[in-house]
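Chemist: This is the structure, below, for whatever I ask next.
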Amino acid sequence: MAEPLLAVRGLVKRFGGLLATDHLDLAVLPGELHALIGPNGAGKSTAIAQITGTLRPDAGSIRLAGEEIVPLHAAARVHRGMARTFQITQLLGDDTARDNVALAVQARLGHSFRFWRDARRDPALAAPAEALLDQVGLPESRRALPVADLSHGERKQIELAAALAAAPRLLLLDEPMAGLGAAESLRMTETLRGLKGRIGMLLVEHDMEAVFALADRISVLVYGRCIATGTADEIRRDPAVIAAYLSDEEGV
Amino acid sequence: MREHPARERAALLLLLAAAALLPFLATALGSPATVPLASRIVIYGIAAASLNLILGHGGLVSFGHAAFYGLGGYTVGILYAHLAPGDPFLGLIPGSNQLAVTLPAALLVGGLGAAAIGALSLRTSGVQFIMITLAFAQMLYFLFASLSAYGGDDGLSVRRPNLLGPLNLRDPATMYWVALGALALWLAFQRRLVRSRFGRVLEGIRQNEARVVASGIRPYPYKLAAFVIAGMGAALAGALMVNAMRFVSPDMLHWTKSGELMVMVILGGIGTLLGPVLGALALVVLETGLTALTENWQVVLGPILVVVVLFSQGGLAALFRRRPASDAPGAAGGRLPRLLSWRRRHG
Ligand SMILES: Nc1ncnc2c1ncn2[C@@H]1O[C@H](COP(=O)(O)OP(=O)(O)O)[C@@H](O)[C@H]1O
Ligand SMILES: [Mg+2]
């Protein structure tokens, strides 16, 4: 097996008496799309927060391409090649889609202690931002509006474009399809399929159709523990998974 | 919003030229007392604009901005006190009454003070940040109030204003023009700053810090840099004010002064270029007018402020803004509106 791009080992996070992450082991291979599924409250977002660095784990190790990243600031992890999207989008509401993506572009180009030039008129920022918005399929007519006025699905697209601006090796996607319409969901699935193979992805998603269509491997999280990892077929047949999770979901 | 920087610049220059004519107008109208009043407004405008950089653009609610205003003022006062030869400050630094020396010195002292206070207080956020900046400023207030060598509570007179080449700052009109020039330079600098990459990070921090971090930017160094720049702006204002008033006292660092600067920013229009100057104008005029009417002018001022803040979202600047038909950025607006609103608000 190739060296994993992301290797999580023995990760533990407690919120008071609640064990939100319970000795979690997880590996994402280079270029792999690895889905992380589990019922609400299983600790998926908490795991992502620790991997991206917005939440400090109580114990355990997180390696990105072999490098221990737990001591690194979340922003430093982005520069190491790890980008994310949020379950609840986190964007600059007063600013346009272009501005939001341009901020991530300028972060990749180095420090922002540049005080003179008008950033919005800087082609070094505008051109890559436009290209990224093309890539995620945000219509041109929506790019000059304040993000707060855009639809939920459009904001999800912008977040993905901003994440891609970091030129990541690893992308952490927290429910990118949640709340999307059928057409938007399909569009997002296609965008992610296009990234497969080039960028490793950890995809948290409840849309099982998308997960089974996209994932190379799936890990199932229940009460902060990983109860199974395998291909879609293996996961479908896994008795522990059926007992804990899939039976309820597919019954609906 | 950002479509016509050239037109906006032209309008700003026109406004500046009009403001420069004020001393002539005051003479013509036989109201010479207006000129020193205008100097105070212009200088407060610099201080309020500098606070607006961190408060309006960075979302950092500093309640201790008067600390840097006072540091700038005391730099001028203390350098003046050590003017006599053979009496250097701390036995090292010779005194000076040259504006070309005292202004850079004030900027340096204000910047260093802001670096020290900012480095510690920017590790906190929210109410904690408000309280800690307030506490640091009050510490400096008590420090200067206890410095009996420099007048303690009573403050320090600066008998003659600083010298600046052939200019005589004792002449109220000259003082006003120097202050107006400083305001123009400061606003031009800050206008550039807010539009730069640095300014984009600052605006990002105000709107959503999680987005800034997810973009790969650590907010702290940018907050600190903005805090230092804002502190230098306040120190510039303090240094000019001491020249205009020929007096420095601990009152310049008192928390009520920090509060007044905040009121100017909020009253005038937070996050706008000219809003803080409008706020300074409104507050000084209201204060002067109300003081003439009643001793308890603050009792009257309070409700007026509440009404303005409640009924004109976006401050006085918003009153000048023609509501564009479409609220989208890029929608046409008048000339003045652009000067006063280069950040949209969502209501
Ligand atoms: N900051 C927090 N403080 C306390 N409990 C939390 C916090 N964040 C998450 N939790 C709890 O941890 C558990 C896992 O939450 P989360 O990671 O959001 O689940 P998921 O994303 O899988 O739905 C839940 O029980 C949640 O209530
Ligand atoms: Mg979640």
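Chemist: Which of the following residues is open to solvent by less than 30 Å² (accessible area, probe 1.4 Å), touching a residue at least 60 places away in the same chain (Cβ under 8 Å), assigned to a loop (DSSP other than H, G, I, E, B) and on the phi < 0 side of the Ramachandran plot: B:62, B:39? So that I can check it myself, show each step before the final result.
Modeler: Details: B:39 fails: assigned to a loop (DSSP other than H, G, I, E, B).
When all the criteria are applied, what remains is B:62.
Chemist: Give the stretch A:96-118 a look and list any residue that's more than 22 Å from the chain's Cα centre (by Cα) and facing another protein chain (nearest Cβ under 7 Å), or say none.
Modeler: Within the stretch A:96-118, A:112, A:113, A:114, A:115, A:116, A:117, A:118 qualify.
Chemist: Which residues, counting only those in the stretch A:30-56, are open to solvent by less than 40 Å² (accessible area, probe 1.4 Å), outside any strand (DSSP E or B) and away from ligand 2 (no atom under 16 Å from the Cβ)?
Modeler: A:31, A:32, A:53
Chemist: Does at least one position in the stretch A:176-183 carry a residue that is touching a His at 6+ places or on another chain (Cβ under 6 Å) and of a type in the set (A, V, I, L, M, F, W, C)? Break it down into steps so the answer makes sense when it comes.
Modeler: Taking the stretch A:176-183 first, the residues touching a His at 6+ places or on another chain (Cβ under 6 Å) are A:179.
Subsequent filtering for residues that are of a type in the set (A, V, I, L, M, F, W, C) retains none.
No, that holds for no residue.
Chemist: Could you give every pair whose Cβ atoms fall below 6 Å, whose first residue belongs to the stretch A:46-75 and is within 12 Å of chain B (Cβ to nearest Cβ), and whose second residue is within 16 Å of ligand 1 (Cβ to nearest atom) and part of a loop (DSSP other than H, G, I, E, B), counting only separations of at least 6 or pairs across chains?
Modeler: Short answer, once both residue conditions are applied: A:49/A:55; A:74/A:53; A:74/A:54.
Chemist: Among the numbered conditions (1) modelled with pLDDT under 95; (2) more than 25 Å from residue B:156 (Cα to Cα), tell me where residue B:57 comes up short.
Modeler: (1)
Chemist: Could you list, in sequence order, all residues of the stretch B:207-233 that are at the interface with chain A (Cβ under 9 Å from one of its Cβ atoms), in contact with a Gly (Cβ under 7 Å, 6 or more places away or on another chain) and basic (Lys, Arg)?
Modeler: The answer is B:211, and nothing else.
Chemist: Which condition breaks for residue A:88 when tested against (1) within 16 Å of ligand 2 (Cβ to nearest atom); (2) open to solvent by less than 10 Å² (accessible area, probe 1.4 Å); (3) of a type in the set (Val, Ile, Thr); (4) within 14 Å of another protein chain (Cβ to nearest Cβ)?
Modeler: Tallying (1) within 16 Å of ligand 2 (Cβ to nearest atom); (2) open to solvent by less than 10 Å² (accessible area, probe 1.4 Å); (3) of a type in the set (Val, Ile, Thr); (4) within 14 Å of another protein chain (Cβ to nearest Cβ), residue A:88 fails exactly one: (2).
Chemist: Would you point out which residue out of A:216, A:233, A:174, A:238 is within 14 Å of another protein chain (Cβ to nearest Cβ) and not small (Gly, Ala, Ser)?
Modeler: A:174
Chemist: Give the residues of the stretch B:6-40 that are within 14 Å of another protein chain (Cβ to nearest Cβ) and either of a type in the set (S, T, N, Q) or touching a helix residue (DSSP H, G or I) at 6+ places or on another chain (Cβ under 8 Å) (or both), sorted by residue number.
Modeler: First pass over the stretch B:6-40, keeping only residues within 14 Å of another protein chain (Cβ to nearest Cβ): B:6, B:8-9.
B:8 - this is the single residue of the stretch B:6-40 that is within 14 Å of another protein chain (Cβ to nearest Cβ) and either of a type in the set (S, T, N, Q) or touching a helix residue (DSSP H, G or I) at 6+ places or on another chain (Cβ under 8 Å) (or both).
Chemist: Looking at (1) within 9 Å of ligand 1 (Cβ to nearest atom); (2) open to solvent by 20 Å² or more (accessible area, probe 1.4 Å), which is the only condition residue A:27 fails?
Modeler: With (1) within 9 Å of ligand 1 (Cβ to nearest atom); (2) open to solvent by 20 Å² or more (accessible area, probe 1.4 Å) applied to residue A:27, the lone miss is (1).
The values are calculated or read from the model by the stated rules, or taken from the named source; none is laboratory data. Given the structure is predicted, the values throughout are model-derived calculations rather than measurements. Because the Cβ atoms are built from the backbone with ideal geometry, glycine has one as well, and the counts that use them run over all protein chains shown. Accessible surface is based on the protein model in full, side chains and every heavy atom, while ligands, DNA and RNA are left aside. Shrake-Rupley method; radii C 1.70, N 1.55, O 1.52, S 1.80 Å.
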